[in-house]
Every structure is written in structure tokens, then in C-alpha cells.
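See below for the structure under consideration.
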Amino acid sequence: MKGEEMAPKKPTIVLVHGAFADGNGFTAIVRRLVTDGYPVIAAPNPLRGLSSDAEQLKALLNSIEGPIVLVGHSYGGAVISTAATGNPEVKALVYLAAFVPETGESVQELVEKFPGSTVGESLKPVPLPGGQVDLYINPRVFHPHFAGDLPADEAALFAIMQRPSTGAALGEPAAGPQAWHTIPSYNLISGADRIIPPAAQEFMAQRSGAKVQVVDGASHLVFVSHPDLAVDLIQKAASENA
């Protein structure tokens, strides 16, 4: 009992999904983290605008007592990079096949920085009132372009459950100081990613000074196809920054 009382409190793991996804993709990760005794929140990401999405996440983070490890996938990486700034309880940032922008950069700009992305040809636009547009990954190419290392039937489910992002969110530049300048970061790179080219992921990870693990052959949904590797990196971030 005495040893348990002296043990440091495990941080809350906050998981932030990206565009064309939702919290369902984190199911395997959540199960293992909860089994290992971590408090976990799969944060809803509105996918409406980078600054507004970050403000909503920032409010959620401010409601959590104790240390936090903040995890972002894809566009969610850009959201956590802004939302964590100035919050002393966020002890580590974990990027899973994610964008790690510098101030003034958009995810659209970063995805086009290196060749190899299929995202432009994969998008299915849905016009919205007021001139805005929602963007989906066309289900016909979701498996090969977004989830190539998953079974076809599983990829089809994720295609059905995907949530759209506005075009404005993907084109909005990151504003203000980015949290990775001051908070330790960890980066899981998907080595066969056809959405964010691996070269782009490596560029962002190196620039941020992250501790990096590359998963050869992994698709953009690396945390779904390799949940154990994702959890191991999250737990490493938690233990090294307790």
C-alpha cells in the first residue's frame, strides 16, 4: 500500500483524431491504455477550422486535473501543437503520422512540400451553404490511399465512419507559438504513407527534435494497423516525462 501511495499519478492520455476519421480508430489503443491504468479521453475534433478546433481542445485540456500526454493523428497533430501551448500540465506530445506545423504553415502546405501524397486526387467535396466545402476521402480509394495495410473490410468500415474536414481547416495557417518548441515530442512515422509522404513526416519530426520511430510499410492509419507500437510510444512519452 505504501508503495502504491508513493507511485506517481499516471498522466491522462488525450487522443485527438485527424481529418477523415473519428475516435473509433483509437479503440485498440484505448483498450490497452485503460488496462494499463491510464485515464484516457478521446477528444472530439470538430474539423471546422484549425484555430477554433484548437480552442475547443484547449478548453478540454484546462478541465483535466494533473499531467497530460497529448496525442494527435494527422491533422490532429496541428491541433495539439497549438492547443498545448502555455499549458504546464501537458508533459509530452505524441504525433502519429501527423502534421507538426511551424507558425504560419498549413497542413495543405506541408502535404505539398514533398512528392508522394495522393490526398488531392482522393478528395470528394461536398459544397456547404455560404461557399464553404466539406471534404471526404472518396470511399472508392480509401483503402489503397488511406489504409493500405488494413484488411479491405476493415478499411471499408473506416471509410463509412469518416468525418469530413472543411477545406478552410486544411488551408488555415497555424497561428501563435507552437507547443513542440517547449514540450518534449515523440513521432511515429508511417513508412508507406500515401497521405502525408514519409519524407514530410521525417522533415517535421527532425525539425521539432522529436524522438522518432519509423514503421516500415505502414499506412496513414499506422496506429490502427500497429496499435502496440503506438501504445508503446505513448507510454514511453509518459514515463520519460513523469
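The values are calculated or read from the model by the stated rules, or taken from the named source; none is laboratory data. Treat the numbers as computed from the prediction; the structure is a model and nothing was measured. Glycine gets a Cβ as well: all are built from the backbone with ideal geometry, and neighbour counts include every protein chain shown. Calculation scope for accessible area: heavy atoms of the full protein, side chains included, ligands and nucleic acids excluded. Shrake-Rupley method; radii C 1.70, N 1.55, O 1.52, S 1.80 Å.
Residues whose amide H lies under 5 Å from that of V212, counting only those 5 or more places away or on a different chain, are N187; hydrogens are built 1.01 Å from N in the peptide plane. Using the 1.4 Å probe convention, the accessible area of segment 129-214 works out to 44 Å² per residue with neighbouring protein chains retained.
Compare the peptides 87-96, 195-204, 108-117 by average per-residue count of other Cβ atoms within 10 angstrom and give them in order, highest first.
So the peptides 87-96, 195-204, 108-117, ranked by packing, come out 87-96, 195-204, 108-117.
Could you order the peptides 12-19, 73-80 from most to least packed, using the average number of other C-beta atoms within 10 Å per residue?
On the way: 12-19: 25.8, 73-80: 30.4.
My ranking of the peptides, most packed first, is 73-80, 12-19.
Taking amide H positions as modeled 1.01 Å from N, with prolines and chain starts lacking one, the residues under 5 Å from Y136 and 5 or more places away or on another chain are K124, V126. Annotation: peptides 158-170, 212-224, ranked by per-residue average of other Cβ atoms within 10 Å with the highest first, follow the order 212-224, 158-170.
Go ahead and estimate [θ] at 222 nm for the chain from helices alone: -39,500 (n - 2.57) per DSSP H run with n ≥ 4, summed, over the residue count, rounded to 500.
Numbers: 12 runs with 97 residues, N = 242.
Calculated mean residue ellipticity at 222 nm is -11000 deg cm²/dmol.
Taking a ≥ b ≥ c as the square roots of the eigenvalues of the Cα gyration tensor of the chain, is the shape rounded (a/c under 1.5), prolate (a/b larger than b/c) or oblate? It is prolate, given that a/c is not under 1.5 and a/b is the larger ratio. Taking θ as phi - 60° and the Karplus parameters 6.51, -1.76 and 1.60, the scalar couplings of segment 79-94 work out to 5, 5, 5, 8, 5, 7, 4, x, 9, x, 7, 7, 8, 7, 10, 10 Hz in sequence order, x denoting glycine and proline. Across segment 140-151, computed HN-Hα scalar couplings (Karplus, 6.51 cos²θ - 1.76 cosθ + 1.60, θ = phi - 60°) run 5, 10, 4, 5, x, 8, 10, 9, x, 9, 9, x Hz from first to last residue, x flagging Gly and Pro.
Using a cut-off of 21 Å between Cα atoms, the listed pairs K113/K236; K58/K91; K211/K236; K10/K91; K9/K211 include K113/K236; K9/K211 as exceeding that distance. Atom-type composition of the exposed protein surface of the chain places 57 percent of the accessible area on carbon and sulfur (1.4 angstrom probe). Largest GNM mean-square fluctuation among D134, D36, D22, using the chain with Cα springs under 10 Å: D36.
Helix 50-62 axis versus longest C-alpha principal axis of the chain: approximately 20°, rounded to the nearest ten. The phi torsions of segment 217-222, fed into the Karplus equation with coefficients 6.51, -1.76 and 1.60 and a -60° offset, translate into couplings of x, 7, 7, 4, 8, 4 Hz, rounded to whole numbers, with Gly and Pro shown as x. A cut-off of 5 Å between modelled amide H atoms, ignoring neighbours fewer than 5 places along the same chain, links I41 with I13, V14, L15. Principal-axis analysis of the Cα atoms of the chain puts helix 152-161 at an angle of about 90° to the longest axis.
Mind running the shape call on segment 144-188? Use the C-alpha gyration tensor, a ≥ b ≥ c as the square roots of the eigenvalues: rounded below 1.5 for a/c, prolate if a/b tops b/c, oblate otherwise. Spell out each step's value before the answer.
On the way: a/c = 3.78, a/b = 1.70, b/c = 2.22.
Oblate, because a/c is 1.5 or more while a/b does not exceed b/c.
Rounded to the nearest 10 degrees, the inclination of helix 227-240 to the longest alpha-carbon principal axis of the chain is 40 degrees. Average accessible surface for segment 1-119: 41 Å² per residue, computed with a 1.4 Å probe over protein heavy atoms with every protein chain in place. Local charge for P46 was computed over the other residues whose Cβ lies under 14 Å away, with Lys and Arg +1 and Asp and Glu -1, and equals -2.
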